[in-house]
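*Asks:* Here it is, the structure in full.
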Amino acid sequence: MQYIAMDTKDIRTNLATEQYLMNSGKMTPPFMLFYIEGPCIIVGRNQNTMEEIDPEYCREHNITITRRLSGGGAMYQDFGNMCFSMVVPAKDQKFGDFKSMVQPVVDGLKEMGASNIEVTGRNDIVLDGKKFSGNAMYTRDGKTFSHGTCMFDVDTDVVASALRVPKDKIESKGIKSVRSRVVNIKPYLKEEYRNMDTFQLRDELIKKIWKTNTIEEAEENYAYVLDDEDKKEIAKLEQEIYYNWDWVYGKSPKFTVQRRKHFAGGTIDARFNIENGTIENVVIYGDFFGPENVDELQDELKGTKYSQEKIKEKLNALDLSRFFAGIPQDEITELLSTQQ
């Protein structure tokens with residue numbers, strides 16, 4: 001299995017690199033990617049960016065904002081965080097099974113002393129019940145990637161200030177604040193690893209996963225090095241997607257109806273624009289996951305009479321698990337069709 005430890009420290013370049021390598025065929029799955037970047041927030045594919053962040057705080061503190069291809073919730077990162085990504089053939093991976101995808105990293109961290117690690121909930125890795133890693137998944141053209149964070153020495157005060165976590169999501173987890181939910185893994189490691197920086201943590205994990213004695217040995221035998229063609233195509237993706245205002249923020253219509261609920265499988269937040277009793281437009285936000293794009297469901301609902309009966313009829317004809325993994329179909333139908 002190959003890997004790449006990215007040199008760039010901009011989240012937009014790193015996400016573009018991940019997307020390119022997944023789709024280009026230059027690396028054969030399974031393979032892994034590791035990247036570390038400056039202060040940034042990455043919102044999930046289906047989220048409303050302006051509702052997830054504190055834009056004034058992010059602007060004042062030069063926090064980069066972008067959107068990823070995968071679902072899930074918004075994540076803050078800085079140089080105290082290490083990202084990792086696993087790319088595998090989709091036929092070998094059940095969508096939503098994060099536990100198997102993150103296992104190499106979990107095993108490596110346990111070997112470094114973090115013995116109390118547990119993969120829990122939909123997509124979190126926790127230590128003593130507190131989250132240090134959030135993960136998201138994306139499938140396209142026969143390949144699936146799962147990418148996640150590893151909080152090593154992140155400034156958790158910034159996490160609480162830069163992100164806006166909805167009240168219903170906080171209450172559902174029985175907690176009082178964002179800060180109380182998250183933890184850095186650094187204090188849980190063996191003493192010999194606590195004076196490392198995040199880049200050294202990455203190298204130690206690579207050595208553990210590939211079972212080499214030195215990082216030089218791993219680089220010589222398993223590392224992939226980007227060539228000029230790779231860099232050219234990655235630069236195109238950066239500009240077309242990750243620097244693109246429409247992709248990051250989008251243009252939201254004015255909504256007259258909102259239906260929102262937090263489920264164990266994620267939050268669904270639907271905004272309906274109703275004109276003459278008919279759904280003129282609908283946008284569905286949330287931190288849910290699904291193997292297919294929710295745009296298809298939005299298109300299906302457009303033009304439907306805004307009545308419980310007609311919306312249920314439309315939804316019952318669809319397999320909603322394609323868009324919302326792990327949320328029961330009848331509960332989604334009830335949320336989206338209920339009239340208030």
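*Asks:* Dividing the alpha-carbon radius of gyration of the chain by 2.2 N^0.38 Å (N being the number of residues), what value is obtained?
*Replies:* Its radius of gyration relative to the 2.2 N^0.38 Å reference: 1.02.
*Asks:* Would you calculate, for the chain, the mean residue ellipticity at 222 nm contributed by helices, counting each DSSP H stretch of 4 or more residues as -39,500 (n - 2.57) and dividing by all residues, to the nearest 500?
*Replies:* -9000 deg cm²/dmol, from helical runs alone.
*Asks:* Using the structure shown, list the pairs from 211/231; 186/231; 143/314; 130/190; 261/305; 26/190 with a Cα-Cα distance above 26 Å, or answer none.
*Replies:* Violating the 26 Å Cα-Cα cut-off are 211/231; 186/231; 143/314; 26/190.
*Asks:* Classify region 175-249 as rounded, prolate or oblate from the Cα gyration tensor: take a ≥ b ≥ c as the square roots of its eigenvalues, call it rounded if a/c is under 1.5, otherwise prolate when a/b beats b/c and oblate if not.
*Replies:* Since a/c reaches 1.5 but b/c is at least a/b, the shape of region 175-249 is classed as oblate.
*Asks:* Here's another thing I want to ask about it. Have a look at 161, 28, 1 and report the one farthest towards the positive end of the charge dipole of the chain, computed about the Cα centre with Cβ charges (Lys/Arg +1, Asp/Glu -1).
*Replies:* 161
*Asks:* When ligands, DNA and RNA are left out and all protein chains stay put, how many square angstrom of accessible area per residue does the chain have with a 1.4 Å probe?
*Replies:* For the chain, the solvent-accessible area averages 46 Å² per residue.
*Asks:* Applying 1/(1 + (r/R0)^6) with R0 = 56 Å to the Cβ-Cβ distance of residue 318 and residue 217, what FRET efficiency is obtained, to the nearest 0.05?
*Replies:* The value I calculate is 0.65.
*Asks:* Hey, rough spin-label estimate for residue 51 and residue 197, points 7 angstrom out along Cα→Cβ, what's it come to in nanometres?
*Replies:* 3.9 nm
*Asks:* A further question on this structure: In percent, what relative contact order does region 185-290 have, based on Cα pairs under 8 Å that are 6 or more apart in sequence?
*Replies:* After rounding, I find 12 percent.
*Asks:* For residue 99, which aspartates and glutamates qualify as cross-link partners when the Cα separation must be under 18 Å and same-chain residues fewer than eight apart are set aside?
*Replies:* Of all the aspartates and glutamates, those that pass the test against residue 99 - Cα under 18 Å, at least 8 places apart if same chain - are 107, 111, 118, 124, 128.
*Asks:* Accessible area of the chain with a 1.4 Å probe: how many percent of it is carbon plus sulfur?
*Replies:* 45 percent
The values are calculated or read from the model by the stated rules, or taken from the named source; none is laboratory data. It should be emphasised that the depicted structure is a prediction, and the values quoted were computed from it without experimental measurement. Here the Cβ is made from the backbone with ideal geometry for all residues, glycine too, and neighbour counts use every protein chain on show. The accessibility values were calculated without ligands, DNA or RNA, using every heavy atom of the protein model including side chains. Shrake-Rupley method; radii C 1.70, N 1.55, O 1.52, S 1.80 Å.
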